[in-house]
Structures are given as structure tokens and as C-alpha cells.
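Here is the structure we will look at.
Since every read-out is calculated from the coordinates, none of them should be taken as a lab result. Keep in mind that this is a model prediction, so the values were computed, not measured. Counting neighbours? That spans all protein chains shown, and the Cβs are built from the backbone with ideal geometry, glycine included.
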Amino acid sequence: SAALAAVCFVLADAKSRNSLVSVQLFGESGCPGTTAFIAGPLADAEKAPGVADIMRLDWTPFGNAYFLTAECGGVPAPAGCGTSTSCLYNATVRECFLAHCGLGGRPFADCYSPGHVRCQHGSVECVANQLEACAKMKDAKSYWPISRCIETAFFTGKLRTGKSSPQEVHDVAASCGLAAETFDFCASQGHEAVVAMAKSTPPHP
């Protein structure tokens, strides 16, 4: 089954195997469609009797992000932006990027240049995406509750794209259980973690 948000990207794909249900969830941190899905239908499913015992969730925090490349183009986002429009977000650039640099693509030489990642809702989304990617890379078995907690903070308004500071995102992540060693890991390997999420994200409308 799949769910697709119109404003920003969230895709959930469920497959059953050996009595376990594998759910692949693709989205972006702070996106209203993503956070509403995580805090709503997904949370309800996780709380249903017996579901948590059989569901294996794989969350990929990248969604509609892209890296600036010579082939696909794109422009840097203005400081402090928080919406697609104010961030000069370009869906055509994203489609080009994911077709070549996402899941199943044949990457350009400059697909993943450091410092060139663009997020649909600005730098706050990028910071949260990176922290959640680092949590996943550091411990693939226990990262999801941390990511769910961060996304819930966006859903409730504790964090806001275009309004919150990177430090506020870090503070929320710490309160959600992100360990000091994961912050240290992210300081040195954060770019690589985001690249891994980009490579795992399929092209989408």
C-alpha cells in the first residue's frame, strides 16, 4: 500500500514476508504531510494490538531534498526560508536529481557535493534530516523512536521550519534520546549519512 502527500513527499510501502510486515517509509523532516502521517495513521497502526511485534519499519529521511549539480541545476536557498516558495525550491531539479542520483540512478560526478544539499523547507529540515540519518547509520535497530519523536515535535509545533534554529533542533533531538556519540558521529559523518539517504530515495512525482 502507498500514501502520497500532495505538498511534500511521504511514501509508505508495506510488504509481508515470513509473518513480518516490512514497511518502507520515505519522507522529509518537518514536512506537514510527513509529520501528519507519522503522528496520525502510522502512530495509530503502531499502537494497535500486536502490530508493533510484526512490523519492521525502515525510515528514509530525505524526501524531496536534492543536491545542486551542474547537470540538474538549482540555486542555494535564502537564509531563514521555510517554505517551498521562499526557499526557491524547484521540483524539476529534484526530479532530475533523483532520476540520476537517487535509488537506481547512474550518478553524476557531482551528485553529492558537500554543502550542496537543498531541502524543500529550508535549513531546519536539512538539520533534522541529517540528525535522523545519522541516528539510522549509527544504530539501525533503535533509531526510529528518535526520529518519530523529532517528527512529532514538528507536528505539534515545538519545531517549525523557517522559525526554529539548528540549536533548537539539536536540543529536541537530545531530548528525544539522540546520544552524545551520535552527535559526534554526525559532526564527522553527517554528509555521508545524508548521501546514503539520497541514494536510497526512489524517483517520485
query: Rounded to the nearest 500 deg cm²/dmol, what is the calculated helix-only ellipticity per residue at 222 nm for the chain, with -39500 (n - 2.57) per DSSP H run of length n ≥ 4?
result: -12500 deg cm²/dmol
field: Among 138-147, 47-56, the order from most to least packed when residues are scored by Cβ within 10 Å on average
entry: 138-147, 47-56
query: Using only Cα atoms, what Kirkwood radius does region 110-188 have, in angstroms?
result: 12.8
- prompt: What list of ³J(HN,Hα) values in whole Hz, one per residue of region 173-182 in order, does the Karplus curve 6.51 cos²θ - 1.76 cosθ + 1.60 (θ = phi - 60°) give from phi, with Gly and Pro shown as x?
  reply: 4, 5, 5, 7, x, 5, 6, 4, 5, 6
- line: Longest principal axis of the chain (C-alpha) makes with the long axis of helix 144-156 (C-alpha) an angle, in degrees to the nearest 10, of 70
Rounded to 5, the percent of DSSP beta bridges in the chain classed as antiparallel: 60
query: What per residue convex hull volume, in Å³, comes out for the chain when only alpha-carbon positions are used?
result: 114
query: Highest mean first, what order results for 156-164, 30-38 on Cβ atoms within 10 Å?
result: 30-38, 156-164
message: Give the separation of the Cα centroids, region 60-102 to region 158-172, in Å.
response: 21
- request: Let me know the number of lysine pairs in the chain closer than 21 Å at the Cα, not counting same-chain pairs under 8 apart.
  value: 8
